[in-house]
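Below is one structure, written out as C-alpha cells; the observations come after it.
Just so it is clear, none of the values below were taken in a lab; they were calculated from the coordinates. This is a predicted model, so every value here is computed, not measured. Using ideal geometry, Cβ is built from the backbone for each residue, glycine included, and neighbour counts are taken over all protein chains shown.
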Amino acid sequence: MQSSIIDLQKGKIHCLSFGTGSELLIALHGFSDRARMFAVLEPALSEKYRVVAVDWPFHGQTEWNDNTFSKADLLEIIRKILAENGKERFSLMGFSFGARLAQAMLPELAGQLNKLYLLSP
C-alpha cells in the first residue's frame with residue numbers, strides 16, 4: 001500500500017492506495033474506522049482496480065483544520081482523487097457510514113460511476 005496526501009484549503013487528506021488495475025475504485029470507510037481497513041481486500045481487488053482509500057476528516061492520519069466537513073468538502077476530495085489519477089469515471093465503495101456518504105453524493109456523482117458497492121450501509 002502506498003500512502004499519499006491530498007492538500008486542500010481546510011486540511012491534508014491522507015489516502016492509502018493499492019492495485020494495478022485500469023479502473024479506479026475510491027473506498028470510503030465507516031465512522032471511527034480508517035483507510036487501512038480496506039487492506040484486507042487488496043488480493044481480491046488489485047488486479048482489476050487501482051484502489052484509493054480515504055482517511056476522512058477526524059479519522060486516521062488526516063489533518064483537518066475546520067470543526068466540520070460538508071458534502072461540498074467530500075465532493076472536493078473525490079474530484080481531487082479523480083484528477084490525480086487522470087480519471088473521469090470510477091467505481092465507489094462505501095462501508096457503513098462510508099456507504100451513507102456515498103449515497104449522499106450520488107446525485108452529483110451518478111453520471112461518473114461505473115459501479116457502486118455499498119457494504120453494511
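Structure notes:
- Residues of type lysines that Lys48 reaches as a straight line, Cα spacing below 23 Å, ignoring anything fewer than 8 places off in the same chain: Lys80, Lys87, Lys115
- Stokes-Einstein diffusion for the chain at 20 °C, viscosity 1.002 mPa s, with a Kirkwood radius from C-alpha pairs, works out to 152 µm²/s.
- Net charge in the neighbourhood of Glu108 (other residues with Cβ under 10 Å of its Cβ; Lys, Arg +1, Asp, Glu -1) is +2.
- A Cβ-based charge dipole, computed about the Cα centre of the chain with Lys and Arg at +1 and Asp and Glu at -1, lands at about 180 debye.
- Amide H to amide H, with H built 1.01 Å from N, Leu25 comes under 5 Å of Arg50, Val51, Val52, Ser91, counting only residues 5 or more places away or on other chains.
- Within the chain, helix-based [θ] at 222 nm, where runs of 4 or more DSSP H residues each add -39,500 (n - 2.57), nearest 500: -7500 deg cm²/dmol
- Full extension of the chain between Ser120 and Phe58 gives 20.2 nm of extra length, using 0.36 nm per residue less the Cα-Cα distance.
- Efficiency of FRET from Cβ geometry, Ala44 and Gln112, R₀ 25 Å, rounded to 0.05: 0.60
- Farthest positive-ward along the chain dipole, Cα basis, beta-carbon charges - from Met1, Phe97, Thr62: Phe97
- Residue ranges 34-42, 88-96 sort as 88-96, 34-42 when ordered by packing (mean number of other C-beta atoms within 10 Å per residue, highest first).
- Segment 13-74: GluC sites (Glu not before Pro) in DSSP coil with no more than 14 other Cβ atoms inside 10 Å: Glu47
- Whichever aspartates and glutamates have a C-alpha closer than 17 Å to that of Lys12, once near sequence neighbours (fewer than 8 apart) are set aside: Asp55, Glu63, Asp66, Asp73, Glu76, Glu84
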